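Participant: Questions regarding the structure given below will be posed in turn.
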Amino acid sequence: MASTELEKKPSQAIDPAEEPSVEWGWHGGFPKGTQIAGWFSVVAVLLMLIGNHQGILSGGGHFKMEDVFLIGTAVVLALGLFYDLAKNKRRR
């Protein structure tokens with residue numbers, strides 16, 4: 001009796017009905033690509049600090065609220081990248 005291809009697959013196989021890309025090839029993530037794109041984004045956000053935006057005067061000094069949000073965004077992105085890096089190291 002000839003066995004079918006479905007019978008040969010291990011029980012842990014991904015069901016093509018749930019993930020159609022399994023039928024035509026590789027199925028996974030891009031851990032290095034995620035890190036590269038993420039750090040590029042952090043640098044791009046920090047480069048936005050250089051510019052001609054104006055600050056809000058508060059008590060005689062200049063307070064740039066835009067800078068607070070840009071730095072906060074960069075910090076959140078960096079923390080997410082460090083978390084992703086640690087998570088990937090634990091998997092190995």
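The values are calculated or read from the model by the stated rules, or taken from the named source; none is laboratory data. Computed from a prediction, not measured in an experiment: that's the story for all the values here. As a convention, Cβ positions derive from the backbone with ideal geometry for all residues, glycine included, and neighbour counts pool all protein chains shown. For the accessible areas, the whole protein counts, side chains as well, though only heavy atoms, and no ligand, DNA or RNA atoms are used. Shrake-Rupley method; radii C 1.70, N 1.55, O 1.52, S 1.80 Å.
Participant: Report, ordered by the first and then the second residue, all pairs with beta carbons closer than 6 Å, sequence separation of six or more or different chains, a first member in region 64-83 that is open to solvent by 40 Å² or more (accessible area, probe 1.4 Å), and a second member that is assigned to a helix (DSSP H, G or I).
Facilitator: As it stands, the answer is 73/45; 77/41; 77/42, since those pairs meet every condition given.
Participant: Next up: Among the residues of region 15-35, which ones are surrounded by 12 or more Cβ atoms within 10 Å (Cβ to Cβ) and at pLDDT 70 or above?
Facilitator: Across region 15-35, the qualifying residues are 31, 34, 35.
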